[in-house]
Every structure is written in C-alpha cells, then in structure tokens.
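A short worksheet on the structure shown next.
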Amino acid sequence: MVGQAGNPVNHPITPYVIGGAFVRQYFRILHEQPDQVQQFYQDSSILGRPDSNGTMVYVTTKSGINEKIVSMDFRNCTTEIESADAQLSNKDGVLIVVTGSLTSDEGVFRRFTQSFFLAPQKGGGYFILTDIFRFVLERKPAAEINQVATQENEISQNGRPASETCSALPEPIPADSSVISDHATAESNVAERQVSDPSANGTAIESALDTWVML
C-alpha cells in the first residue's frame, strides 16, 4: 500500500531511520561545508579525537569543536560507511555507532569506528551531545601469528635473520591528517528520509518527508 500525496500514511520515526538520515547528512556536510558541522553540536557537546600518539583528546563548546573539525583536512580522503546502527537510549536520545574506512589519496587505508549520542532538544529535532572517533587497529589472527612465528624460527635457524620475513603492523594515521569526502554512503537498506541542514542555532535533525511508502 502506498501513501497518497496530501494524505500521508503515519509511521513512527524509528531510531534506525533517524540514524540513517543523520549519517547521510553529517558526512555530506563534513565534506562539503566542514565549517558548518559545528551546527550539529551545542556548547554542552563533547567531541573526542585521538592525537598522533593515539591518546584521546576531548574538546567542548561549539567554537572548540569547530576549531578541531576545521583543523582536520577532510578533502584528501574518501570514506566508506560499512554500517550505521542505532538504538533508542536515555531520555529518548538515539545512540548511533558507525563503522567504516578511510582511504587517502596516497592509498593509505584505515578502518574506524565512530559513536554519536543524539539528544532531543526543545522545539523538536536532535543535537550531538557526544561524539567519539577511533581508528581500529587491524590485528592478525592468533593462528596466523603463530604460523609466522614458526616460520621465522625455522628461517632464523637456517642462518637468515627473522626480521627479513616479518612485516610490522601499519601505524594508525594521526586523526588530524584523516579526511572524509562526499563519497560517504550509508547502508543501502537504511530507509530514505531527508534531514534539514544545520541551522544557525544548532537545531537540526528533523523529518521532512511528506509521504511514506508501506509494503
């Protein structure tokens, strides 16, 4: 059954729908207008990003968050969103966990995870209360590590340095050098909906669909 224009079928807005719409909007604006991403936040928001040593650094207030985001060049890499999971949380907020990957123009590939807590605000819509990002270090399975260790031991006993056969795990890209582009895509099965652009007052994640389609 299809909702007719002018007589829309009412459906509850699920956390999954909110999460999918938010992820699309956030990553698009992050690339196209990084100086406007601050409008998703408020002064009470907290943003966490790892420094070059992997230590998490937190900033707050819209101006502090804007300074941090703008200082990160989001134009020389592409991002692919692999999953965007959402669930209802405290006081009708929405918890969103995103996993994806970043690829630089030089071909450096890194996986990441990012978590958002969207808090409801007076007058409708949501704002980002907390946002934390972390690169995911890819480790070899234990069985593979043991096999490599055995091979290294055998080679070493034959007179060849074990270091010639061992490759170090890649180091994480410092957060300040990571960038994201408009190649970001949400999961294909996330329900389509639109979200208003961030407003000057920091409000901004609202439904704008006039009609819904129900199978």
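What follows is calculated from the coordinates using simple rules that are stated; it is not laboratory data. This is a predicted model, so every value here is computed, not measured. A quick note on method: Cβ atoms are made from the backbone with ideal geometry, for glycine too, and the neighbour counts reach across all protein chains shown.
Note on Lys91: lysines with a C-alpha under 24 Å away, same-chain residues under 8 apart excluded, are Lys62, Lys122.
Look at Leu129, Leu30 and count the other Cβ atoms within 10 Å of each Cβ; fewest to most, that gives Leu129, Leu30. When Thr79, Thr61 are arranged by Cβ crowding within 10 Å, least crowded first, meaning fewest neighbours, the order is Thr61, Thr79.
Close amide H contacts of Phe112 (hydrogens built in the peptide plane, cut-off under 5 Å, sequence separation of 5 or more or a different chain): Gly100, Ser101, Leu102, Val136. The ranking of Asp73, Asp35 from fewest to most other beta carbons within 10 Å of each one's beta carbon is Asp35, Asp73.
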